[in-house]
Amino acid sequence: MNDVPTDAKVDLSAKGSVGGRFIRSILRSRETGIALAIVIMVMVLAILAPSFLSADNVSNNARNMSFVGLAVLGEALVLIIGGIDLSVGSIWGVTAVASAALMGYGLPTPVAIAGGLSLAALFGLFNGLCITWLRMPPFVPTLATMSIARATALMITRGRSIDEFRPIGDSFFELGGGSILGIPTPFLLFVVLSIIMWIVLDRTVFGRRLYAIGGNETAARLSGIEVDRMKIMVYVLSALFAGLAGLVEVSYLSSAIANQGTGKELNVIAAAVIGGTNLMGGEGTILGVFFGAIILEILRNGLVLIGTDAYSQGIFVGLVIIIAVFIDQLRKGVWRRK
Amino acid sequence: MSEKNVLALQGISKSFPGVKALKDVSFSLAAGEIRALVGENGAGKSTLMKILSGAYTANAGTISVFGETIEHPSPATMIGKGVAVIYQEMAQAPHLSVAENVLLGRLPRRAGGLVDWPEARRQTAAVLARLGFDIDPRARIDTLSVAKRQMVEIARALTRNARIIVLDEPSAVLAASEIAQLFAIIRKLSAEDGVAFVYISHRLVEVFDIAETVTVMRDGEVVHQCRTDEIDSETLIRHMVGREVGDIFPKRVPKIGAEALRVSGLSAGGLVQDASLYVRRGEIVGLFGLAGAGRTETLKALFGADRAARGTLTLDGKAIHLASPRDGLANGLGLVPEDRKVAGLFLKQSVGFNITISSMRHLVTGPLLSRVKENAIVDTIIRRLRVKTPNAHAAVQNLSGGNQQKCVIGRLVGAECSIILADEPTRGVDVGAKREIYDLLFELSDSRQLAILIASSELPEILNLCDRVYVMREGRITAELDARRTSEEEVMRYATHN
């Protein structure tokens with residue numbers, strides 16, 4: 001980050017040391033605000049419900065948030081290119097039961113996982129092809145896939161749960177239920193994949209192209225970006241992350257049912273929006289959606305701990321979405337007096 | 001013409017955080033007066049118009065209409081007082097009919113609240129007929145040309161009894177014949193009905209053609225006001241830019257090399273038919289045509305952005321087929337699109353992002369983008385093209401039009417394009433920035449032996465900038481002319497029916 005010498009006069013905002021500008025950019029960034037919100041929530045909860053900070057509770061929260069978190073990593077890509085994927089909850093479910101069913105047939109774990117994820121990828125491919133080749137608005141095919149994938153899951157299970165697809169103590173259960181150095185494995189997976197996706201979005205050609213497509217699709221195409229191919233890849237990736245969430249959840253639950261992931265698309269989109277992703281495309285970061293997923297989980301757990309009526313939880317989640325976007329718009333000066 | 005002022009602005013000032021957009025601006029308008037408002041981008045014209053329309057509230061100063069001071073201007077009160085502002089980006093409902101748009105919010109009703117459609121069509125037809133517009137009141141807005149949409153806006157203003165009409169760069173989207181039609185209407189309304197006009201434009205020829213008086217703004221202030229017959233365009237430009245510009249068009253002697261691009265029998269966009277042309281290295285070729293002549297379609301097809309295009313393309317003597325813009329870029333072609341905000345720029349992204357998006361393969365180290373390489377390339381281009389930006393990280397939407405266009409051209413320079421297809425490269429940029437873009441194109445053509453094809457509907461630009469000119473009419477190339485030996489009249493003859 002060096003100052004750019006131009007022939008023109010250098011604007012005031014470019015003044016000051018490199019470090020000064022770095023600190024200013026951190027203070028001004030959206031993620032700082034979200035992180036601050038997390039700190040405040042944690043402090044308030046620590047006072048109201050001392051058990052909130054207990055090792056058990058923290059560990060449980062970390063595990064719980066990872067499932068939605070994994071799916072958010074894929075949804076974030078879709079939202080950044082200006083799309084939406086409503087099918088993540090159903091793909092989550094169908095991948096869960098398909099993998100469990102394959103294991104139940106006696107297939108080796110890696111094969112069963114690969115089979116489940118391939119099915120997820122197929123649904124993603126279907127979404128992508130409808131959006132690019134058939135020029136449908138993303139809402140439509142992903143809504144259709146939401147229904148088709150859920151029905152597929154029901155057909156696989158015939159309404160029953162799939163249990164005992166692996167012997168007790170099998171290593172597959174470590175994926176969702178295990179811990180490494182006291183940290184729940186799903187959370188580790190979530191963190192590692194977040195870091196990878198952060199690098200992909202921020203530091204690779206692929207990531208740049210996603211922001212370009214979301215920012216201005218026409219300009220992206222004229223800039224030599226193969227927009228359709230990129231879109232298909234993104235919907236496949238979104239489906240894969242959703243499928244992975246389902247797999248890890250099956251491992252954690254040691255049981256698979258057809259309604260796994262039902263309604264999760266809303267949590268996933270909520271986490272992305274709370275994390276500052278713009279539904280119009282072109283804006284959003286992995287750090288943001290990571291924090292968004294954390295906020296949703298703290299909220300859920302915190303409301304339980306302080307004894308809020310379980311039925312009213314949705315009200316708080318809804319309010320947090322509105323407040324998060326409100327603060328973001330304040331930051332951007334949407335209502336600055338004209 | 002009455003001496004009574006229909007509109008008077010007194011000491012208008014407006015500040016935004018960190019910017020003083022208007023400083024003590026005053027001017028007045030008599031009934032039937034046509035006043036041009038000129039100034040470079042950022043001079044404060046748009047801010048002033050928004051204050052006039054009631055969209056912005058001034059920090060100081062007064063607006064009075066027909067001698068009455070408007071205490072709390074809002075869009076509704078200003079419309080009520082007879083002030084209509086017609087913006088470049090028209091605020092229309094594209095899926096509704098002409099009648100619905102003209103009478104938007106004031107559709108005639110029958111008992112029970114139902115819309116009285118026959119009456120709505122009758123009223124619309126009446127106002128369109130009065131203006132001499134041949135538009136079907138039942139047509140959907142999105143099926144009309146931009147010129148006709150503008151006419152619908154004027155009709156809408158008239159049905160609201162507008163006495164003062166502000167036109168924001170109306171000609172930017174119009175062809176010559178349409179401009180003539182618009183001017184005829186302006187003159188008619190001004191002479192017969194005493195409607196006063198404020199006409200904002202970058203095109204000084206038009207200013208002298210239509211306006212009786214002119215107000216020049218610079219840096220938020222009114223720097224000069226006079227009658228148009230008391231001033232010449234050189235002086236006017238000097239007032240606008242605040243310095244000597246000399247000729248807007250630089251001079252050069254082209255160093256023409258081998259043939260870079262040749263297309264024959266091109267058909268494209270359902271419009272272009274059997275077009276053939278060539279461009280040589282170091283040569284700047286113009287493609288002139290009125291709106292709808294097929295300029296944009298031709299450039300898009302040459303770039304690979306029209307899959308349905310047919311014809312044979314040779315680049316540096318080799319026959320080649322381009323299936324996508326990506327192919328075009330890979331073969332050294334670069335397109336500066338017609339509308340930079342719609343098709344050229346990633347507005348929310350940084351200057352650096354916009355410059356490097358087509359050349360990211362130069363920026364990677366292994367699988368990752370290298371900040372060091374990126375900064376080096378972006379800095380070089382910013383400096384070479386003299387892009388005025390606080391730094392490479394500034395959002396491109398905060399730059400002036402001219403500097404935004406430089407970012408688009410810089411992207412092609414970064415992608416090492418050797419043939420540049422520029423579609424209206426100076427549309428909507430101010431005089432000073434135009435000169436800089438011309439200099440830049442000359443410099444690229446001379447120093448790098450680039451072949452440049454410029455599509456434009458501005459005759460002075462075509463004749464002064466280019467070495468050779470192709471003229472298009474209704475999808476066909478009707479003439480190939482030596483730019484130094486031809487005249488505006490000759491080019492227009494080939495561009496229109498004769």
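The values are calculated or read from the model by the stated rules, or taken from the named source; none is laboratory data. Just so we're clear, the structure is a prediction, and the values are computed from it rather than from any experiment. Heads up, the Cβs are rebuilt from the backbone with ideal geometry, glycines too, and the neighbour counts pull from every protein chain shown. Protein only, heavy atoms only, side chains kept; ligands, DNA and RNA dropped before computing areas. Shrake-Rupley method; radii C 1.70, N 1.55, O 1.52, S 1.80 Å.
Observations, loosely collected:
- Here A:323, A:294 are screened, and the one residue that is closer than 24 Å to residue A:53 by Cα and more than 14 Å from chain B (Cβ to nearest Cβ) is A:294.
- Subset of segment A:129-167 [hydroxyl-bearing (Ser, Thr, Tyr) and within 30 Å of residue A:214 (Cα to Cα)]: A:132, A:142, A:145, A:147
- Residues that are open to solvent by less than 30 Å² (accessible area, probe 1.4 Å) and part of a loop (DSSP other than H, G, I, E, B) were ranked within segment B:458-474; the one that is farthest from residue B:294 (Cα to Cα) is B:467.
- Boolean, residue B:482 is closer than 19 Å to residue B:258 by Cα and of a type outside the set (Phe, Trp, Tyr): yes
- Only residues that are under 20 Å from residue A:61 (Cβ atoms) and not in a helix (DSSP H, G or I) were counted across segment A:305-328, and they come to 3.
- Segment B:193-204, subset modelled with pLDDT under 90 and open to solvent by 10 Å² or more (accessible area, probe 1.4 Å), residue nearest to residue B:39 (Cα to Cα): B:202
- Some residue of segment B:24-38 being within 30 Å of residue B:223 (Cβ to Cβ), open to solvent by 20 Å² or more (accessible area, probe 1.4 Å) and within 14 Å of chain A (Cβ to nearest Cβ): no
- Those residues of segment B:99-137 which are open to solvent by 50 Å² or more (accessible area, probe 1.4 Å), under 29 Å from the mean Cα position of the chain (by Cα) and modelled with pLDDT of 85 or more, in sequence order: B:129, B:136
For every residue, the table says whether it meets (1) closer than 27 Å to residue B:209 by Cα; (2) modelled with pLDDT under 90.
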| site | (1), (2) |
| --- | --- |
| B:24 | no, no |
| B:32 | yes, no |
| B:73 | no, yes |
| B:80 | no, yes |
| B:92 | no, yes |
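- Failed item, numbered, when residue B:343 is tested on (1) without any contact (Cβ under 8 Å) to a residue 40 or more places away in the chain; (2) of a type in the set (Gly, Ala, Ser); (3) more than 10 Å from chain A (Cβ to nearest Cβ): (3)
- Every pair of residues 6+ apart whose Cβ atoms lie under 6 Å, when the first sits in segment B:317-338 and is more than 8 Å from chain A (Cβ to nearest Cβ) and farther than 22 Å from residue B:405 by Cα while the second is assigned to a helix (DSSP H, G or I) and open to solvent by less than 50 Å² (accessible area, probe 1.4 Å): B:322/B:328
- Subset tally (residues that are of a type outside the set (D, E, K, R), surrounded by 13 or more Cβ atoms within 10 Å (Cβ to Cβ) and out of contact with any helix residue (DSSP H, G or I) (no Cβ under 7 Å at 6 or more places or on another chain)) for segment A:152-182: 2
- Lone qualifier among B:152, B:166 - being assigned to a strand (DSSP E or B) and surrounded by 20 or more Cβ atoms within 10 Å (Cβ to Cβ): B:166
- All conditions but one from (1) buried (at least 20 other Cβ atoms within 10 Å of the Cβ); (2) over 25 Å from the mean Cα position of the chain (by Cα) apply to residue B:366; the one that does not is (1).
- Looking at A:269, A:295, just one residue is under 15 Å from residue A:31 (Cα atoms), within 17 Å of the chain's Cα centre (by Cα) and surrounded by 18 or more Cβ atoms within 10 Å (Cβ to Cβ), and that residue is A:295.
- Residue in segment A:229-244 that is at negative phi, crowded, with 19+ Cβ neighbours inside 10 Å and within 14 Å of another protein chain (Cβ to nearest Cβ) present: yes
- Some residue of segment B:421-442 being modelled with pLDDT under 90, away from every other protein chain (no Cβ under 13 Å) and at positive phi: yes
- Looking across segment B:213-231, the residues that are open to solvent by 50 Å² or more (accessible area, probe 1.4 Å) and more than 20 Å from residue B:428 (Cβ to Cβ) come down to B:221, B:223, B:224, B:225, B:227, B:229, B:230.
- Pair list, Cβ < 8 Å and 6+ apart or interchain, from segment B:356-375 residues that are more than 26 Å from residue B:335 (Cα to Cα) and facing another protein chain (nearest Cβ under 7 Å) to residues that are β-branched (Val, Ile, Thr) and surrounded by fewer than 18 Cβ atoms within 10 Å (Cβ to Cβ): B:367/A:204; B:368/A:199; B:368/A:204
- Those residues of segment B:419-443 which are part of a helix (DSSP H, G or I) and basic (Lys, Arg), in sequence order: B:434, B:435
Results for (1) at pLDDT 95 or above; (2) at positive phi; (3) assigned to a helix (DSSP H, G or I); (4) within 17 Å of the chain's Cα centre (by Cα), shown as yes or no for each residue.
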site: A:22; (1), (2), (3), (4): no, no, yes, no
site: A:27; (1), (2), (3), (4): no, no, yes, no
site: A:32; (1), (2), (3), (4): no, no, yes, no
site: A:36; (1), (2), (3), (4): no, no, yes, no
site: A:42; (1), (2), (3), (4): no, no, yes, no
site: A:56; (1), (2), (3), (4): no, no, yes, no
site: A:60; (1), (2), (3), (4): no, no, yes, no
site: A:79; (1), (2), (3), (4): yes, no, yes, yes
site: A:82; (1), (2), (3), (4): yes, yes, no, yes
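- Qualifying positions in segment B:475-490 - under 18 Å from residue B:276 (Cβ atoms), open to solvent by 50 Å² or more (accessible area, probe 1.4 Å) and either aliphatic (A, V, I, L, M) or out of contact with any Leu (no Cβ under 9 Å at 6 or more places or on another chain) (or both): B:476, B:482
- Scanning segment A:99-117 for residues that are open to solvent by 10 Å² or more (accessible area, probe 1.4 Å) and in contact (Cβ under 8 Å) with a residue 40 or more places away in the chain yields A:101, A:104, A:109, A:113, A:117.
- Filter pass, residue B:353 being without any contact (Cβ under 8 Å) to a residue 60 or more places away in the chain, outside any helix (DSSP H, G or I) and either open to solvent by 60 Å² or more (accessible area, probe 1.4 Å) or at the interface with another protein chain (Cβ under 8 Å from one of its Cβ atoms) (or both): no
- Filter result (free of Cβ contacts under 8 Å to residues at least 40 places away in the same chain, under 30 Å from residue B:13 (Cβ atoms) and not small (Gly, Ala, Ser)) within segment A:287-338: A:329, A:330, A:332, A:334, A:335, A:336, A:337, A:338
- Residue A:148 being touching a residue at least 12 places away in the same chain (Cβ under 8 Å), away from chain B (no Cβ under 14 Å) and either in a loop (DSSP other than H, G, I, E, B) or open to solvent by 70 Å² or more (accessible area, probe 1.4 Å) (or both): yes
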